[in-house]
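Working notes for the structure below.
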Amino acid sequence: MKTDILNKADIDKLVKTFYGKVKTDAKISYFFNDVAKVNWEEHLIKMSAFWENVLFSSGNYDGNPMVKHEELNKKSEVNRGHFKNWNSLFESTVDELFEGVKADEIKRRAFNISAAMIHKTLE
């Protein structure tokens, strides 16, 4: 039986599982592996802090994802299809691992954040 997202450990599990898929995804992995040349260990820590802050208002994230995505787009064009793929992977990973109010909230928040990034980055 799945539980809701309750704490940092759950966020860490989600982030690790999700980015495990992203690393090998045919449509978007190259942004992370080849364009941004992500240090995965650091990125997972940063993304866990980001999502913990989004979901639980932890205050432990210091960064500007909009700027990072704008910089990435300058190096290799990001399009709506890339964001759609990211959203699909994120939502399916949440559904695979969790269910409940916070699980629904993180999916909604992820969609809204990506919509804002599409608007800011592509428009």
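Coordinate-derived values only; no laboratory data. Predicted model only: the values in this text are computed from it and were never measured. Using ideal geometry, Cβ is built from the backbone for each residue, glycine included, and neighbour counts are taken over all protein chains shown.
Within the chain, which whole H helices from DSSP have a Cα span along their axis of at least 27 Å and a mean Kyte-Doolittle hydropathy of -0.5 or more, if any?
Answer set is 101-122.
List the trypsin sites (Lys or Arg not before Pro) within segment 74-103 that DSSP assigns to loop and that have no more than 15 neighbouring Cβ atoms inside 10 Å.
For trypsin sites (Lys or Arg not before Pro) across segment 74-103 that sit outside H, G, I, E and B with at most 15 neighbouring Cβ atoms in 10 Å, the list is empty.
Using modelled amide H (1.01 Å from N, peptide plane; none on Pro or chain starts), what sits under 5 Å from the amide H of Asp4, excluding residues fewer than 5 places away?
Glu99
In whole Å, how far is the Cα centre of segment 106-122 from that of segment 1-52?
16
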